[in-house]
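K.L.:
Got a structure for you, written out below as structure tokens; questions coming shortly.
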Amino acid sequence: MGILKKVSRAYHHWKEMKDMPLRLEFILNDCCNLNCRGCTHYASLAPKEFMSLEKLTAEMSHLGKVCGSDVKQVYLIGGEPLLYPQLPEAMDNMRKAFPTQELYVFTNGLIIGKMSDDFWESVRRNNVIIAITRYPIKFDYDKVELLCKEKGVKVNVFADRTMKDSFLRFALDPSGSQNKYLAHFKCFNRGCVSVTGGYVYPCSISACVKHLNNHIETKFLHRAGDRISVSDVKSAKQILKLRDKAVPFCSYCKKPQPLPYALSKREVSEWVDL
């Protein structure tokens, strides 16, 4: 490939990323009913804990107030968010905080057939879209999509992980010697602004790495500029700046590689290049 074509491709990629609509992903819990190798939320390592509804509501209310229409989409994610015990209330509060935005609940769909009438009523009342990720497991995803349609709710397939090379290993370099600018420019998680524990993070790996540190005793640290306290956010510009520039944590991130789907063995090699 000639140098001019490389420069052109790089520019168009940068422009596409720069023009990406702002979305916020509120993490309800990192625990999950699947056990996927190399999960970027470290679900196989995460305790069965849930964000308190009070704190979640306060974070959504504040960010909805100060960011307003600059936020285009809002996600409730996990782990598996359908495990969250107060999910109907969380969706109600999400809609109050973001009255005009597209709202999504992201799920692997495994327990959607067991959800309560309150859940379905809240989905319909708040015009929430059910976004399903398909995994290469024995499960009838077509039946799940049909159920959603029968319940009168919007549904789409966010990702199809049954396809070849659809799983990636996001390895971290404990030395922190990666080129953070190149890592950020090529980041597959760019745009996945994660809100959890009172902070806004540019990606889920940074937001959830505490589980890796706690259970495998790694030391992937957050430094100045890696995150913003929710209470310190005064406008969407601060979040966009966090999203669109390399932060110190990016120096841990190596180029992801395709990885066949498998169950996690909770081994450090799933996430770290030693």
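K.L.:
Any idea which residue in region 120-170 is farthest from the chain's Cα centre (by Cα), counting only those that are assigned to a helix (DSSP H, G or I) and farther than 22 Å from Gln86 by Cα? Show your work before the answer.
P.N.:
Taking region 120-170 as the starting set, the residues that turn out to be assigned to a helix (DSSP H, G or I) are 120-125, 141-150.
Then keep just the ones that are farther than 22 Å from Gln86 by Cα; that gives 141-143, 145-146, 149-150.
Numbers: Tyr141: 21, Asp142: 24, Lys143: 25, Glu145: 21, Leu146: 25, Lys149: 25, Glu150: 27 Å.
That would be Glu150.
K.L.:
For Tyr75, indicate whether it is in contact with an Asp or Glu (Cβ under 6 Å, 6 or more places away or on another chain), under 21 Å from Ser204 (Cα atoms), of a type in the set (Ser, Thr, Tyr) and crowded, with 19+ Cβ neighbours inside 10 Å. Can you show your working first?
P.N.:
On the way: in contact with an Asp or Glu (Cβ under 6 Å, 6 or more places away or on another chain): yes; under 21 Å from Ser204 (Cα atoms): yes; of a type in the set (Ser, Thr, Tyr): yes; crowded, with 19+ Cβ neighbours inside 10 Å: yes.
Yes: the conditions hold for Tyr75.
K.L.:
Kindly list the number of the only condition in (1) in contact (Cβ under 8 Å) with a residue 60 or more places away in the chain; (2) under 20 Å from the mean Cα position of the chain (by Cα); (3) surrounded by fewer than 13 Cβ atoms within 10 Å (Cβ to Cβ) that fails for Tyr181.
P.N.:
Status for Tyr181: all satisfied but (2).
K.L.:
Pick from region 154-178 the residues that are among the β-branched types (Val, Ile, Thr) and surrounded by fewer than 17 Cβ atoms within 10 Å (Cβ to Cβ): which of them is farthest from Gly109 (Cα to Cα)?
P.N.:
Within region 154-178, the first condition is being among the β-branched types (Val, Ile, Thr), and the residues that meet it are 155, 157, 162.
With surrounded by fewer than 17 Cβ atoms within 10 Å (Cβ to Cβ) added as a condition, the list becomes 157, 162.
Details: Val157: 10, Thr162: 14 Å.
Selected residue: Thr162.
K.L.:
Just checking, how many residues over region 133-146 are crowded, with 18+ Cβ neighbours inside 10 Å and either over 25 Å from Leu259 (Cα atoms) or touching an Asp or Glu at 6+ places or on another chain (Cβ under 7 Å) (or both)? Reasoning before the result, please.
P.N.:
As a first pass, look at region 133-146 and keep what is crowded, with 18+ Cβ neighbours inside 10 Å: 134-135, 141, 144-145.
Cutting the leftovers down to either over 25 Å from Leu259 (Cα atoms) or touching an Asp or Glu at 6+ places or on another chain (Cβ under 7 Å) (or both) gives us 134, 144-145.
Count: 3.
K.L.:
Okay, next question. Just wondering, is there one or more residues in region 65-82 that are within 16 Å of the chain's Cα centre (by Cα) and assigned to a helix (DSSP H, G or I)?
P.N.:
Restricting attention to region 65-82, the residues satisfying the condition of being within 16 Å of the chain's Cα centre (by Cα) are 71-82.
From what is left, the residues that are assigned to a helix (DSSP H, G or I) are 81-82.
Taking every residue of region 65-82 in turn, at least one turns out to be within 16 Å of the chain's Cα centre (by Cα) and assigned to a helix (DSSP H, G or I).
K.L.:
Does Glu80 satisfy the condition of being buried (at least 22 other Cβ atoms within 10 Å of the Cβ), charged (D, E, K, R), modelled with pLDDT of 95 or more and touching a helix residue (DSSP H, G or I) at 6+ places or on another chain (Cβ under 9 Å)? Can you show your working first?
P.N.:
On the way: buried (at least 22 other Cβ atoms within 10 Å of the Cβ): yes; charged (D, E, K, R): yes; modelled with pLDDT of 95 or more: yes; touching a helix residue (DSSP H, G or I) at 6+ places or on another chain (Cβ under 9 Å): no.
For Glu80, the condition - buried (at least 22 other Cβ atoms within 10 Å of the Cβ), charged (D, E, K, R), modelled with pLDDT of 95 or more and touching a helix residue (DSSP H, G or I) at 6+ places or on another chain (Cβ under 9 Å) - is not met.
K.L.:
Continuing with this model, one more query. Looking at (1) in a helix (DSSP H, G or I); (2) touching a strand residue (DSSP E or B) at 6+ places or on another chain (Cβ under 9 Å), can you tell me which one Asn93 breaks?
P.N.:
With (1) in a helix (DSSP H, G or I); (2) touching a strand residue (DSSP E or B) at 6+ places or on another chain (Cβ under 9 Å) applied to Asn93, the lone miss is (2).
K.L.:
Here's a follow-up. Looking only at residues in region 188-208 that are in a loop (DSSP other than H, G, I, E, B) and either modelled with pLDDT of 95 or more or surrounded by fewer than 21 Cβ atoms within 10 Å (Cβ to Cβ) (or both), which one is farthest from the chain's Cα centre (by Cα)? Full working, then the answer.
P.N.:
First pass over region 188-208, keeping only residues in a loop (DSSP other than H, G, I, E, B): 188-192, 197-198, 202-203.
The next check asks that each one be either modelled with pLDDT of 95 or more or surrounded by fewer than 21 Cβ atoms within 10 Å (Cβ to Cβ) (or both); those that pass are 188-191, 197-198, 202-203.
Working: Phe188: 11, Asn189: 8, Arg190: 10, Gly191: 9, Gly197: 14, Gly198: 16, Pro202: 10, Cys203: 7 Å.
Checking each candidate, the answer is Gly198.
K.L.:
Identify all residues within region 252-274 that are in contact with an Asp or Glu (Cβ under 8 Å, 6 or more places away or on another chain) and either part of a helix (DSSP H, G or I) or over 23 Å from Gly225 (Cα atoms) (or both); write none if there are none.
P.N.:
Tyr252, Pro258, Ser264, Asp273
K.L.:
Please pick out the residue among Glu80, Glu54 that is among the acidic types (Asp, Glu) and under 30 Å from Cys187 (Cα atoms). Quick ask: steps written out before the conclusion?
P.N.:
Values: Glu54 fails: under 30 Å from Cys187 (Cα atoms).
On inspection, the qualifying residue turns out to be Glu80.
K.L.:
Is one or more of the residues making up region 228-243 in a loop (DSSP other than H, G, I, E, B), under 20 Å from Asn189 (Cα atoms) and under 18 Å from the mean Cα position of the chain (by Cα)? Give the derivation first.
P.N.:
First pass over region 228-243, keeping only residues in a loop (DSSP other than H, G, I, E, B): 233-235.
Within this subset, residues satisfying the condition of being under 20 Å from Asn189 (Cα atoms) are none.
No, that holds for no residue.
The values are calculated or read from the model by the stated rules, or taken from the named source; none is laboratory data. The structure displayed is predicted, hence computed values, not measured ones. Note that we place each Cβ from the backbone using ideal geometry, even for glycine, and neighbour counts take in every protein chain shown.
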